[in-house]
Each structure stands twice: as C-alpha cells, then as structure tokens.
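What follows is calculated from the coordinates using simple rules that are stated; it is not laboratory data. Predicted, not measured: the structure shown is a model, and the values here were computed from it. Cβ sites come from the backbone with ideal geometry, for glycine too, and all protein chains shown count toward neighbours.
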Amino acid sequence: MSASGVTGGSGEAASAARAGAAPRALLLMGQAPEQEKQFHNQPEHWGLLAGHLRAADLSTRHMTDDLSVLNPTNLASFDVVLNFSTGLTATAEQVDALLAAVEGGVGYVGLHAATTTFVEHTPYLAMVGARFSRHDPIKRFAVRFTDRDHPITQGLEDYEHEDELYELTGDFVDRKNVLPLSGVRVLAEAEGHPMVYVKQHGAGRVAYLASGHDARSLGQPTYRTLFTRAVAWAARRRP
C-alpha cells in the first residue's frame with residue numbers, strides 16, 4: 001500500500017514547509033526468514049495494521065518488508081517511520097540512514113517487536129529506548145495509563161487484552177540483564193512494565209507501543225487509538 005511520486009525533505013524544515021499537509025508514513029513489516037514460525041508476519045498483521053494506517057490522518061501510507069527503503073533519498077519522502085518488523089538484520093548503512101532521519105526530525109513509532117529487530121546495532125536500540133528481554137506465555141492483563149497529560153493518552157481509560165507482556169531492558173547488549181529504561185516518559189504500564197512510552201532522539205519524536213502480538217491486541221479499539229495518536233504525535237500533527 002503506497003503512494004507514488006512523493007517528494008520532499010526530512011526534518012523540521014521539511015515539516016515546516018509542508019505545514020498543513022497530512023504526514024507521509026512508512027511502515028516496516030516482516031520477520032527473519034530463519035524463524036520457522038512467522039508469528040508476527042501473517043496476513044492478519046498486514047491487514048490490521050493497514051487498517052490502522054487508513055484510520056490515521058496521512059497523505060501517504062507505504063508498508064513494506066524490503067529494508068532497501070532505508071536510504072537517505074527514500075526516507076526524505078516520509079515524515080514518520082513505523083517499525084513492526086521482528087528479528088530482521090539491517091546493514092550499518094540502512095540503520096545509519098534511519099537514525100539520521102530521526103535525528104533530523106522524522107518521527108519514529110516502534111510497534112511491539114521493534115525492540116527485537118536490528119539488535120546488532122546498539123545505536124538503533126538506544127534511539128528506540130529499550131531492548132526486548134522476555135515475555136510470559138500469552139495471557140490476559142490490564143494496561144493502565146499512568147500519564148494522561150500526553151496527547152497520545154489523554155482521556156483514555158484503562159483496558160484489558162490478551163497479549164505477550166513484553167519485559168524490556170535498558171541494557172542494549174545483554175537482553176538478559178534487566179535494567180530500568182532511561183530517558184523515556186512512560187505513559188502506560190502493565191504489571192510494572194512499560195507498555196507505552198515516548199522520548200526524543202535529536203529533533204525526532206519517538207513513541208513505542210509494546211502490545212501487538214496478534215489480533216487479540218492489534219484489534220483492540222484502544223490500541224487503534226494509541227496507534228493513530230502515536231503516528232500523529234511523532235509526525236507533529238494534532239491527534
């Protein structure tokens with residue numbers, strides 16, 4: 001799902017030049033092919049996330065599992081990058097291009113396994129703000145909003161869903177060494193673990209939503225609201 005003929009620059013200057021125009025979004029999908037069970041890369045994931053993109057106020061929506069899109073020329077065509085990929089390996093040049101875009105003002109929204117991908121690049125994990133450590137088997141749990149003063153969570157009620165409860169660490173090298181996250185503003189938690197947080201990376205706004213294993217969480221109405229608001233906030237649009 002993409003739009004052709006898109007041009008423009010990244011960063012705050014480009015955002016200012018496009019003031020009033022709906023943002024342009026790139027969503028990275030896919031899962032490492034060596035993982036036999038493609039548990040985050042099924043048609044339902046593509047379909048549900050495509051629906052969430054359609055619900056967001058965007059002028060361009062592009063979903064792909066081709067990491068060659070991570071180059072300076074192509075990233076200059078987007079105002080916000082979302083990442084739902086799992087366990088993928090990117091080249092240093094691809095990660096550098098993504099980090100430079102975010103540092104320059106392009107928004108970034110990490111979704112669920114975005115903390116499990118590109119893990120050989122610690123600067124990427126530092127930009128995201130966390131690395132996946134572990135999770136229990138899928139279970140039902142409550143997501144509680146701890147900060148409703150942020151545009152992403154304003155007015156939302158706590159909710160329950162079935163999902164993998166991700167436990168995150170601030171150690172970007174050893175995922176088994178669980179350290180508190182630093183430099184993030186936690187907006188929601190579950191059983192003491194961050195579920196929604198935001199941070200800054202250079203001039204770029206970064207948001208992370210920990211939920212999203214399958215339709216049981218991706219299809220939850222509050223998740224859809226969090227998704228569209230995170231995109232708007234990261235792209236510097238009023239949710």
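Brief remarks follow.
- Modelled FRET efficiency - R0 22 Å, D136 with K37, Cβ distances, 0.05 increments: 0.80
- Given their separation in residues at 0.36 nm each and the Cα-Cα distance between them, V173 and E120 gain 18.3 nm when the chain is fully extended.
- Over the range 11-234, relative contact order from alpha-carbon pairs under 8 Å, at least 6 apart, %: 22
- Lys/Arg +1, Asp/Glu -1 at C-beta; the range 11-234 dipole; positive extreme among V178, Y197, H213: Y197
- Note on T89/D158: beta-carbon distance plugged into 1/(1 + (r/R0)^6) with R0 of 25 Å gives a FRET efficiency of 0.10.
- The charge dipole of the range 11-234, taken about its Cα centre with unit charges on the Cβ of Lys, Arg, Asp and Glu (plus for the first two, minus for the last two), comes to roughly 440 debye.
- By DSSP, the beta bridges lying fully in the chain are antiparallel in about 55 percent of cases.
- Close amide H contacts of E160 (hydrogens built in the peptide plane, cut-off under 5 Å, sequence separation of 5 or more or a different chain): V143.
- The structure-derived value of volume of the Cα convex hull per residue in Å³ appears in the list (1) 126; (2) 150; (3) 112 under the label (3).
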